[in-house]
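Visitor: Got a structure here, written out as C-alpha cells. Questions coming.
The values are calculated or read from the model by the stated rules, or taken from the named source; none is laboratory data. Values in this document were obtained by computation on a predicted structure and should not be read as measured data. Cβ: placed from backbone, ideal geometry, glycine included. Neighbour counts: every protein chain shown.
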C-alpha cells in the first residue's frame, strides 16, 4: 500500500457496529441458561430496528429477530470459558490494526475454527454477519437511524482527496460529486473472518481493478501457501509513514521494443518489507508495474517525451543546460507529486534509463 487512508473518526453509520458489539458481548456472551430469550434483552436502538424490520411487510427476510434469538439459544448451551473464548475472538477480529501488524498477542479467529466449536453457530453467524453488510445496512429503517454508506463515502473521499487508489497508485478513486462510487473492500475477507463485516476499519474504498481483479477473496494476513501468519499494511495506519523503494531494471536496452518480460520490478522497504511482500502478492503489483513500463502510453511515452523536450529547447539553452540536468529535473518534478499521472513509476523508470545510459 503506497499510502494509508485517513479514517473518518465520527460518522453516524458506526452505530450499527456499536450495536453489534453490545449484542455479542453483553447479550450473547452473557446468555444465561436460566433466562429465556426476550427481545427486551437487546439495547434500545437495536431492539427498535429489529422490530421495525420484523414487522415491515415489505421485507420478506428475517435478518435480525430470528437469528438473534437462535444464536442466544446456542450460547445458552456454552460454558463460561467457551463464552469468554468467543468474546476474545470477537474483540480480536475487530482489532484490524493489531491483526495486520501481528502485535499485542492479537490472533485471528476464522469460520473454520468456529465450525469445529459449533457448526450450528457457524452457520447462523456466517449468514448473519454477511447480511449486515449486504442487506441490513441498506434498509430504510436502519438508514433512518444511522445514515447511508453513500454519505460516509462522500465524507471519506472529501477527506481523502488524493483521488488515487493507494493499493496500486495507478487507478482513480471516484470523488464525492460522482453519481456512482467505488466499492468498500472487506480487507479481512468476510467469508473467512466472522464478526467484522460492518467494522469500517476493515472496510476501505478500492479501485475496481484492485478489488475485483486482484484482491478478490485473498487473505492479506495469512499466506496462501503455508497458512502462516504474515504482516500486512493496515489501511488506516497512523504511524509516521513508511518508505517503499521501486527499483526497475531492463534486460532490453531498446525501450521502443521493451516488453513486460524485459522488466524486473524490485520493491523494498527498510522498515516494512514483509508488508510490501504481502501487498505486491495480493494486488499483483509487479505485473501491473511491468505493464506500465512497457506501455506505449506510459514508459515508452516517457522515454520519447524526455528526448523531445530536450531536443526542442533552443540551442542556446542547451549550452548551459545539459541533457543529464534536464533528466534529473524531470525526475525531481515527478517525485514532488508522485501519484499524479503515474509519476512514482515514471521517476523510477527514468532513473533506471539514466543508470543504463540509454537516455
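Visitor: For the range 44-58, give me each residue that is surrounded by 15 or more Cβ atoms within 10 Å (Cβ to Cβ) and modelled with pLDDT under 95.
Guide: Within the range 44-58, no residue meets the criteria.
Visitor: Exactly one of (1) more than 30 Å from residue 95 (Cβ to Cβ); (2) free of Cβ contacts under 8 Å to residues at least 60 places away in the same chain; (3) assigned to a helix (DSSP H, G or I) is unmet by residue 292. Its number?
Guide: Tallying (1) more than 30 Å from residue 95 (Cβ to Cβ); (2) free of Cβ contacts under 8 Å to residues at least 60 places away in the same chain; (3) assigned to a helix (DSSP H, G or I), residue 292 fails exactly one: (2).
Visitor: Moving on. Which one of these does residue 47 not meet: (1) free of Cβ contacts under 8 Å to residues at least 12 places away in the same chain; (2) assigned to a helix (DSSP H, G or I); (3) closer than 23 Å to residue 149 by Cα; (4) under 29 Å from the mean Cα position of the chain (by Cα)?
Guide: Condition not satisfied by residue 47: (4).
Visitor: Which of (1) out of contact with any helix residue (DSSP H, G or I) (no Cβ under 6 Å at 6 or more places or on another chain); (2) at pLDDT below 95; (3) in a helix (DSSP H, G or I) is the odd one out, the single condition residue 313 does not satisfy?
Guide: Failed condition: (3).
Visitor: Output the residues belonging to the range 203-249 that are assigned to a strand (DSSP E or B) and closer than 30 Å to residue 163 by Cβ. Explain how you work it out, then say what you get.
Guide: If we filter the range 203-249 for residues that are assigned to a strand (DSSP E or B), which is where we start, we get 203-205, 222, 229, 245-249.
Answer for the range 203-249, where residues must be assigned to a strand (DSSP E or B) and closer than 30 Å to residue 163 by Cβ: 203, 204, 205, 245, 246, 247, 248.
Each row is one residue, and each column tells you yes or no for (1) within 22 Å of residue 267 (Cα to Cα); (2) free of Cβ contacts under 8 Å to residues at least 60 places away in the same chain; (3) touching a helix residue (DSSP H, G or I) at 6+ places or on another chain (Cβ under 9 Å); (4) not in a helix (DSSP H, G or I).
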residue: 327; (1), (2), (3), (4): no, yes, yes, no
residue: 332; (1), (2), (3), (4): yes, yes, yes, no
residue: 345; (1), (2), (3), (4): yes, no, yes, no
residue: 350; (1), (2), (3), (4): yes, yes, yes, no
residue: 358; (1), (2), (3), (4): no, no, yes, yes
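Visitor: Does residue 300 qualify as being at pLDDT 95 or above, farther than 21 Å from residue 167 by Cβ and in a loop (DSSP other than H, G, I, E, B)?
Guide: Numbers: at pLDDT 95 or above: yes; farther than 21 Å from residue 167 by Cβ: yes; in a loop (DSSP other than H, G, I, E, B): no.
So residue 300 fails the test.
Visitor: From the set of residues in the range 300-310 that are closer than 17 Å to residue 357 by Cβ and in contact with a helix residue (DSSP H, G or I) (Cβ under 8 Å, 6 or more places away or on another chain), which is surrounded by the most Cβ atoms within 10 Å (Cβ to Cβ)?
Guide: 302
Visitor: Between a first residue in the range 203-220 that is at pLDDT 95 or above and a second residue that is part of a helix (DSSP H, G or I), which pairs have beta carbons less than 6 Å apart while being 6 or more apart in sequence or on different chains?
Guide: 215/282; 218/282; 220/278; 220/282
Visitor: Okay, next question. Filter the range 261-274 for residues that are within 18 Å of residue 346 (Cβ to Cβ) and under 27 Å from the mean Cα position of the chain (by Cα); which is surrounded by the fewest Cβ atoms within 10 Å (Cβ to Cβ)?
Guide: Checked the range 261-274; the qualifying residue surrounded by the fewest Cβ atoms within 10 Å (Cβ to Cβ) is 266.
Visitor: Scan the range 204-231 residue by residue and report those that are touching a helix residue (DSSP H, G or I) at 6+ places or on another chain (Cβ under 8 Å) and under 25 Å from residue 121 (Cα atoms).
Guide: Scanning the range 204-231 gives 218, 221.
Visitor: Any residue in the range 74-82 that is in contact (Cβ under 8 Å) with a residue 60 or more places away in the chain, closer than 20 Å to residue 129 by Cα and in the same structural domain as residue 201 (by TED's automatic domain parsing)? Lay out the reasoning, then the answer.
Guide: Taking the range 74-82 first, the residues in contact (Cβ under 8 Å) with a residue 60 or more places away in the chain are none.
Checking the range 74-82: not a single residue is in contact (Cβ under 8 Å) with a residue 60 or more places away in the chain, closer than 20 Å to residue 129 by Cα and in the same structural domain as residue 201 (by TED's automatic domain parsing).
Visitor: Against the condition within 27 Å of the chain's Cα centre (by Cα), not in a helix (DSSP H, G or I) and not assigned by TED's automatic domain parsing to the domain that holds residue 163, how does residue 278 come out, does it pass? Give the steps one after another, and end with the answer.
Guide: Numbers: within 27 Å of the chain's Cα centre (by Cα): yes; not in a helix (DSSP H, G or I): no; not assigned by TED's automatic domain parsing to the domain that holds residue 163: yes.
Judged against the criteria, residue 278 is not a match.
Visitor: Limited to the range 102-121, what total is found for residues that are over 17 Å from residue 217 (Cα atoms) and buried (at least 19 other Cβ atoms within 10 Å of the Cβ)?
Guide: Initial filter on the range 102-121 (over 17 Å from residue 217 (Cα atoms)): 102-107, 113-121.
Subsequent filtering for residues that are buried (at least 19 other Cβ atoms within 10 Å of the Cβ) retains 114, 121.
Within the range 102-121, residues that are over 17 Å from residue 217 (Cα atoms) and buried (at least 19 other Cβ atoms within 10 Å of the Cβ) number 2.
Visitor: Anything in the range 1-34 that is surrounded by fewer than 18 Cβ atoms within 10 Å (Cβ to Cβ) and free of Cβ contacts under 8 Å to residues at least 40 places away in the same chain? List them, or say none.
Guide: Result: 9, 10, 18, 22, 26, 34.
Visitor: For the range 79-197, which helices (runs of 4 or more DSSP H) that fit wholly inside it have 3 or more residues that are within 23 Å of the chain's Cα centre (by Cα)? Lay out the reasoning, then the answer.
Guide: On the way: elements: 80-93, 96-101, 111-117, 119-134, 140-146, 149-159.
Answer list for the range 79-197: 80-93, 96-101, 119-134, 149-159.
Visitor: Within the range 234-244, identify whether any single residue is out of contact with any helix residue (DSSP H, G or I) (no Cβ under 7 Å at 6 or more places or on another chain), buried (at least 17 other Cβ atoms within 10 Å of the Cβ) and closer than 30 Å to residue 304 by Cα, and answer yes or no.
Guide: So the first thing to find is which residues in the range 234-244 are out of contact with any helix residue (DSSP H, G or I) (no Cβ under 7 Å at 6 or more places or on another chain), and the list is 235, 237-243.
Now narrow it down to the ones that are buried (at least 17 other Cβ atoms within 10 Å of the Cβ): 235, 237, 242.
From the residues that got through so far, the ones that are closer than 30 Å to residue 304 by Cα too are none.
The answer is no, given that none of the residues of the range 234-244 is out of contact with any helix residue (DSSP H, G or I) (no Cβ under 7 Å at 6 or more places or on another chain), buried (at least 17 other Cβ atoms within 10 Å of the Cβ) and closer than 30 Å to residue 304 by Cα.
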